């Protein structure tokens, strides 16, 4: 299959690199052309615009930051929908709103094109290693068509629905859960540290017993070390995902009281200049609120 990849941020670049290393026919495009160069060195073709990227492609992946970027890349007069041939498939891996995912599905259907929502769980290092977990939704035959490509990108694909937007709903719920864990870890660490227990010792106890999970080990370690740069997933993106989860909850009439707390935590962090930090920096706020000085 001739494949294109649009959006080469830290996640997209890693995913596209996996496709290149699998010796697939890959064309890449990014608004900042310098991001294409490492992939061209791996064998990809660089495109100068979306039209060139989509030309002759059987499958076009997109991995972009937010609704605004996805809508521009996919639905604008110079977007994917305009240039993707009938019968070809757009696979959107971005974490976007339910409403936009449904709009994408309708737009591609009207154009005679396929559309799948395949958001992913995993940080940039997992993307580069082909170790993501993928959440797929859409027509089952389309999923079967792209499954060989998904197998290159991740260690497992979970097909959750024939309705593409349900994959985005699952992704938003998952990121809400992760943010809840981060905030809870920060609060628990602040509590024991204020009582005189070393935070690293406490984390070792947790992650070698009750919470022996990568999520707790990785984010707990970052919180304990106070190391939030460089950001694998930046604070504004975390805030965006919580906001989209709240919007989904409002639409479905599902109260999400913890999500409201997380929204305020992200806003607080951004108000204090935290935009460049990893989203797990919200786990540092409890220590600050408790009057604890950061470790040096």
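So here's what we get for this one:
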{"item": "Residue of 273, 221, 283 that the Gaussian network model of the chain assigns the largest fluctuation, springs spanning Cα pairs under 10 Å", "result": "273"}
{"item": "Estimated inter-spin distance, residue 225 and residue 258, nm [label 7 Å along Cα→Cβ]", "result": "2.6 nm"}
{"item": "Rg over Rh [alpha-carbon atoms, Kirkwood Rh] for segment 2-163", "result": "0.92"}
{"item": "For the chain, alpha-carbon Rg relative to the globular expectation (2.2 N^0.38 Å, N residues)", "result": "1.05"}
{"item": "For segment 88-128, diffusion coefficient by Stokes-Einstein and Kirkwood Rh (Cα), 37 °C, 0.692 mPa s, µm²/s", "result": "294 µm²/s"}
{"item": "Distance in nm between pseudo-label sites at residue 288 and residue 123 (7 Å out along the Cβ direction from Cα)", "result": "2.0 nm"}
{"item": "Relative intensity, log₁₀ I(q)/I(0), of segment 170-209 from a Debye sum that treats every alpha carbon as a point, q = 0.23, 0.34 Å⁻¹", "result": "-0.74, -1.04"}
{"item": "Computed FRET value (nearest 0.05) for residue 85 with residue 276, which takes r as the C-beta separation and R₀ as 35 Å", "result": "0.30"}
{"item": "Two-decimal Rg to Rh for segment 149-222 - Kirkwood Rh, Cα set", "result": "1.14"}
{"item": "FRET E, pair residue 208, residue 161, Förster distance 35 Å, beta-carbon r, rounded to 0.05", "result": "0.40"}
{"item": "Largest-first principal axis extents of the Cα set of segment 169-289 (Å)", "result": "44, 32, 25"}
{"item": "For segment 67-101 and segment 1-40, distance of Cα centres in Å", "result": "17 Å"}
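Each reported figure results from applying straightforward, stated rules to the coordinates on display, with no laboratory input. Just so you know, these numbers come straight off a predicted model, no measurement behind them. With ideal geometry, Cβ positions are generated from the backbone for all residues, glycine too; neighbour counts draw on all protein chains shown.
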